[in-house]
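Everything on this sheet refers to the single structure shown next.
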Amino acid sequence: MSIPNYVPGHGLLRGKSVLITAAAGAGIGFSAALRAAEEGCRALFISDIHEGRLAEAVAKIREQSGLQQVFSQVCNVADEAQVQALIEAAERELGGVDVLINNAGFGGSRLLVEMSDEEWSRVLDVTLTGTMRMTRAMLPKMMARRAGVIVNNASVLGWRAQKEQSHYAAAKAGVMALTRCAAVEAAEHGIRINAVSPSIALHDFLRKSAPQAVLEQLAANEAFGRAAEVWEVANVMMFLASDYSSYMTGEVLSVSSQRA
């Protein structure tokens, strides 16, 4: 199947403020940030660990979407002090965060028998614990307002088995479980928490982290015979962030054919 046409914005986030982690570069995070602007958010705050790429991302979003209320701050979600600083800055600049998209994650390829404790811990610290840190810091702010939406980025590897992905799969399965449990705790405060679970969405970082032959085979295994475009994943994030999904919480929505 050929790649479909890019879907124009429909005002799904009109009037809302959005905070997104790992939003520099050309991956799902940047696409989600651009989509949020195109969907009419009133203000946007993005973070990443790469200061240069972060500044470039802000400029691109302003140029391509026309939204000028775009703020940024460097943040490593593996550092609690930086997470707290990011939340405080976003709350201040946005006048309160309506939507948090936890996109930060870190992976790699390694057979379990060759994996060091350090490799295992680094992937879980960024991908799972980083998502927890951001959620933990954001929830009290949203609880005080009795409103808010959190969207996490999981992966079909939380369900599927794949060689050399034990650390990443365990982290993403943890994100799924965290999403469900946190959603139950947040529901009584008027807050929704859901997750997307993409299969394979090609972008520059992924191309650098896995062999080309492996990526091509994974894409060929999908029902459409291709990988997702990053904006196709971002579109589902926008749905979960919008009022169209007002009765959904604790759900993990697959952005995939679920074909093994």
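Number of residues in region 18-30 that are at negative phi and surrounded by fewer than 24 Cβ atoms within 10 Å (Cβ to Cβ) equals 2.
Looking only at region 62-71, decide whether some residue is surrounded by fewer than 21 Cβ atoms within 10 Å (Cβ to Cβ), of a type in the set (D, E, K, R), more than 18 Å from the chain's Cα centre (by Cα) and part of a helix (DSSP H, G or I). Checked region 62-71: at least one residue is surrounded by fewer than 21 Cβ atoms within 10 Å (Cβ to Cβ), of a type in the set (D, E, K, R), more than 18 Å from the chain's Cα centre (by Cα) and part of a helix (DSSP H, G or I). Tallying residues that are aliphatic (A, V, I, L, M), out of contact with any Gly (no Cβ under 7 Å at 6 or more places or on another chain) and either over 30 Å from P8 (Cα atoms) or in a helix (DSSP H, G or I) (or both) within region 72-99 yields 8. Consider region 117-158 and keep the residues that are part of a loop (DSSP other than H, G, I, E, B) and without any contact (Cβ under 8 Å) to a residue 60 or more places away in the chain. The one that is surrounded by the fewest Cβ atoms within 10 Å (Cβ to Cβ) is R146. Yes or no: region 168-186 includes at least one residue that is outside any helix (DSSP H, G or I) and of a type outside the set (K, R). No, the conditions are met nowhere in region 168-186. Inspect all residues belonging to region 46-53 and state whether any of them is of a type in the set (V, I, T) and over 12 Å from A234 (Cβ atoms). Scanning region 46-53 turns up at least one residue that is of a type in the set (V, I, T) and over 12 Å from A234 (Cβ atoms). Cβ-Cβ contacts under 6 Å between residues 6 or more apart (or on different chains), taken from a first residue in region 80-93 that is under 18 Å from A104 (Cα atoms) to a second residue that is among the small types (G, A, S) and buried (at least 17 other Cβ atoms within 10 Å of the Cβ), are listed as V83/A137; Q84/A137; L86/S47; I87/A137. Considering region 95-116, and only residues there that are closer than 21 Å to L139 by Cβ and surrounded by fewer than 21 Cβ atoms within 10 Å (Cβ to Cβ), the residue that is farthest from the chain's Cα centre (by Cα) turns out to be G95. Scanning region 10-23 for residues that are closer than 17 Å to S245 by Cβ and either in a loop (DSSP other than H, G, I, E, B) or over 16 Å from the mean Cα position of the chain (by Cα) (or both) yields a total of 7. Considered as a group, the residues in region 187-218 that are among the aliphatic types (A, V, I, L, M) and assigned to a helix (DSSP H, G or I) include one that is modelled with the lowest pLDDT, and that residue is L206.
The values are calculated or read from the model by the stated rules, or taken from the named source; none is laboratory data. All of these numbers come straight from a predicted model, not from anything done at the bench. All Cβ positions, even for glycine, are placed from backbone atoms using ideal geometry, and neighbour counts span all protein chains on display.
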